[in-house]
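Reviewing the structure listed below.
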Amino acid sequence: MADQYARSREHSEPTEISAIRWDEPPEGPVLVVLDQTRLPAEEVELVCTDAPALVEAIRSLAVRGAPLLGIAGAYGVALAAARGFDVEEAAAALAAARPTAVNLAVGVHRARTAYHAALAETGDQDKAAEAALAAARTLHRQDAEASRRMAGHGLALLEELLPGGGHRILTHCNTGALISGGQGTAFGVVLAAHRAGRLRRLWVDETRPMLQGARLTAYEAARHGMAYTLLTDDAAGSLFAAGEVDAVLVGADRIAADGSVANKVGTYPLAVLARYHHVPFVVVAPLTTVDLGTPDGASIEIEQRPGHEVTEITVPQVPVAGLGGGTPVAPLGTQAYNPAFDVTPPELVTAIVTEEGVVSPVTGEALDELCARSRRVTMG
């Protein structure tokens, strides 16, 4: 089950966003997550005491973003183990909660593997639970470090592609500290540019239908004092036509072996616009998002979301009455097409920035070599 409580925070100075944390109150271990569906109106934390509560938090998008989902999946397995629940059942439910984001399954697998290895070695349930928690905490730390390194590689790439600074960057969805153990993926690069005095303007796509850009990216940009402007998704074309975009930076939920990128729906049209207008289109994602077992973009399972997310609008703290809990904006019975993601082919991607370096041009061979090099470094 999940309980919730509000917290207050001064916004006069940017503080670290804690999107997820492990806690051990007297009544037993819990996983505490920031409910992102309530932002920016209020900061409310959900306290998950079991895997089903975390699964619901993931499906409702209270917890979201590929790297953070991996961390959450690992902690979810550790939570089931620590509280004596069925670890296999919890792992299966967590891994299936959002099928497109490969990080979720990766995180679940890491904690589950650590749990079973310790159980086989010691036969001690408590030690196995401790091993699962240690695996989750390690993944959390690794993601924070990956964020830092991606920011460095991404800023260097921007300086190479756009010498002189004054970058005007367009981004889509939300890719900051709310989706990561650190400062994020694409937003982490933007933040590095901002801190280096190289950011002129951040263009924030609203990101229909769940408004992650309007609610979350704008929230993070404001916290850091960035110069940013919000736009509806369909206004991006006019920005490109006016020559107001120097680069597009986005994240990824899964990168296939050929370099195809699944990201929040609306990303692919931006890639097409960027190519037509000769603007760099850069994907920033940790290597945990690369899935060499998925051969190409057509093989990526695309999550289909409920239609009411399109036919209704939900605003935090506003009373609602629609079928999905929102205010209806379409006639009753209207069918809606609502894929959560679309796929951008590698030929439209200028570069993929990872914690281990940059892949450009984007090819399956280059991506495989980067992953292999990373494995050799890790094993060494």
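The values are calculated or read from the model by the stated rules, or taken from the named source; none is laboratory data. What you see is a predicted model, and the numbers here were worked out from it, not measured in a lab. Quick reminder, even Gly has a Cβ in these numbers, built from the backbone with ideal geometry, and neighbours come from all protein chains shown.
Look through 92, 81, 74 and report the one residue that is part of a helix (DSSP H, G or I), among the aliphatic types (A, V, I, L, M), surrounded by fewer than 18 Cβ atoms within 10 Å (Cβ to Cβ) and modelled with pLDDT of 95 or more. Spell out how you get there, then give the answer.
Working: 81 fails: surrounded by fewer than 18 Cβ atoms within 10 Å (Cβ to Cβ); 74 fails: surrounded by fewer than 18 Cβ atoms within 10 Å (Cβ to Cβ).
When all the criteria are applied, what remains is 92.
For the structure I just gave you, tell me whether residue 340 is touching a residue at least 60 places away in the same chain (Cβ under 8 Å), more than 20 Å from residue 60 (Cα to Cα) and in the same structural domain as residue 190 (by TED's automatic domain parsing).
Values: touching a residue at least 60 places away in the same chain (Cβ under 8 Å): yes; more than 20 Å from residue 60 (Cα to Cα): no; in the same structural domain as residue 190 (by TED's automatic domain parsing): yes.
Against the criterion (touching a residue at least 60 places away in the same chain (Cβ under 8 Å), more than 20 Å from residue 60 (Cα to Cα) and in the same structural domain as residue 190 (by TED's automatic domain parsing)), residue 340 does not qualify.
Is it true that some residue in segment 160-169 is over 21 Å from the mean Cα position of the chain (by Cα), assigned to a helix (DSSP H, G or I) and in the same structural domain as residue 358 (by TED's automatic domain parsing)?
Residues of segment 160-169 that are over 21 Å from the mean Cα position of the chain (by Cα), as a first pass: 160-168.
If we keep only those that are assigned to a helix (DSSP H, G or I) as well, we get 160-161.
Those left that are additionally in the same structural domain as residue 358 (by TED's automatic domain parsing): 160-161.
Yes.
Show the residue pairs that are 6+ apart or on different chains and have beta-carbon atoms under 8 Å apart, the first residue being within segment 350-364 and among the small types (Gly, Ala, Ser), the second being assigned to a strand (DSSP E or B).
Every condition considered, the pairs that remain are 351/282; 351/283; 351/358; 351/359; 360/351; 360/352.
Sort out which residues of segment 95-109 are assigned to a helix (DSSP H, G or I) and either touching a strand residue (DSSP E or B) at 6+ places or on another chain (Cβ under 6 Å) or not aliphatic (A, V, I, L, M) (or both), and write them in order of number. Before the answer, list the steps.
As a first pass, look at segment 95-109 and keep what is assigned to a helix (DSSP H, G or I): 95, 102-109.
Selection gives 102, 103, 107, 109.
So, in segment 326-339, of the ones that are out of contact with any strand residue (DSSP E or B) (no Cβ under 7 Å at 6 or more places or on another chain) and aliphatic (A, V, I, L, M), which residue ends up nearest to residue 98 (Cα to Cα)?
Per the stated criteria, the residue is 336.
Do you know which of the residues in segment 310-341 that are modelled with pLDDT of 90 or more and in contact with a Gly (Cβ under 7 Å, 6 or more places away or on another chain) is surrounded by the most Cβ atoms within 10 Å (Cβ to Cβ)? Walk me through how you get there before you give the answer.
Narrowing segment 310-341 to residues modelled with pLDDT of 90 or more: 310-312, 328-341.
From what's left, in contact with a Gly (Cβ under 7 Å, 6 or more places away or on another chain): 312, 328, 335-336, 338.
Details: 312: 21, 328: 16, 335: 9, 336: 14, 338: 18.
Restricting to residues being modelled with pLDDT of 90 or more and in contact with a Gly (Cβ under 7 Å, 6 or more places away or on another chain), the top hit is 312.
Report yes if residue 377 is exposed (fewer than 12 other Cβ atoms within 10 Å of the Cβ), of a type in the set (Val, Ile, Thr), closer than 27 Å to residue 184 by Cα and modelled with pLDDT under 95, otherwise no.
In short, yes.
Please go through segment 265-296 and give me each residue that is of a type in the set (D, E, K, R) and not in a helix (DSSP H, G or I), ordered by number. Give the derivation first.
Taking segment 265-296 as the starting set, the residues that turn out to be of a type in the set (D, E, K, R) are 275, 291, 296.
Of everything in segment 265-296, those that are of a type in the set (D, E, K, R) and not in a helix (DSSP H, G or I) turn out to be 291, 296.
Taking segment 327-367 only, how many residues are closer than 22 Å to residue 314 by Cβ and part of a loop (DSSP other than H, G, I, E, B)?
The first filter runs over segment 327-367 and keeps only residues closer than 22 Å to residue 314 by Cβ, leaving 327-341.
Next, from what is left, pick out any that are part of a loop (DSSP other than H, G, I, E, B): 329-338, 340.
Number satisfying all stated conditions: 11.
Only one of 222, 262 is within 22 Å of the chain's Cα centre (by Cα) and not in a strand (DSSP E or B); which?
Numbers: 262 fails: not in a strand (DSSP E or B).
That would be 222, the only listed residue that is within 22 Å of the chain's Cα centre (by Cα) and not in a strand (DSSP E or B).
Scan segment 122-139 and tell me whether some residue there is crowded, with 21+ Cβ neighbours inside 10 Å, modelled with pLDDT of 95 or more and in contact with an Asp or Glu (Cβ under 7 Å, 6 or more places away or on another chain). Break it down into steps so the answer makes sense when it comes.
Our first condition is that a residue be crowded, with 21+ Cβ neighbours inside 10 Å; within segment 122-139, this holds for 128-129, 131-133, 135-136, 139.
If we keep only those that are modelled with pLDDT of 95 or more too, we end up with 128-129, 131-133, 135-136, 139.
If we keep only those that are in contact with an Asp or Glu (Cβ under 7 Å, 6 or more places away or on another chain) as well, we get none.
Checking segment 122-139: not a single residue is crowded, with 21+ Cβ neighbours inside 10 Å, modelled with pLDDT of 95 or more and in contact with an Asp or Glu (Cβ under 7 Å, 6 or more places away or on another chain).
Quick one: would you say residue 129 is closer than 24 Å to residue 81 by Cα and hydrophobic (A, V, I, L, M, F, W, C)? Steps first, answer last, please.
Values: closer than 24 Å to residue 81 by Cα: yes; hydrophobic (A, V, I, L, M, F, W, C): yes.
For residue 129, the condition - closer than 24 Å to residue 81 by Cα and hydrophobic (A, V, I, L, M, F, W, C) - is met.
Could you list, in sequence order, all residues of segment 236-256 that are assigned to a loop (DSSP other than H, G, I, E, B), in contact with a helix residue (DSSP H, G or I) (Cβ under 8 Å, 6 or more places away or on another chain) and under 9 Å from residue 170 (Cα atoms)? It would help to see each step written out before you state the result.
Here is the first cut: in segment 236-256, the ones assigned to a loop (DSSP other than H, G, I, E, B) are 242-246, 251-253.
Pick out the ones that are also in contact with a helix residue (DSSP H, G or I) (Cβ under 8 Å, 6 or more places away or on another chain) and you get 245, 251-253.
The one that is assigned to a loop (DSSP other than H, G, I, E, B), in contact with a helix residue (DSSP H, G or I) (Cβ under 8 Å, 6 or more places away or on another chain) and under 9 Å from residue 170 (Cα atoms): 245.
Can you name the residue in segment 1-35 that is exposed (fewer than 10 other Cβ atoms within 10 Å of the Cβ) and small (Gly, Ala, Ser) and, of all such residues, is modelled with the lowest pLDDT?
Per the stated criteria, the residue is 12.
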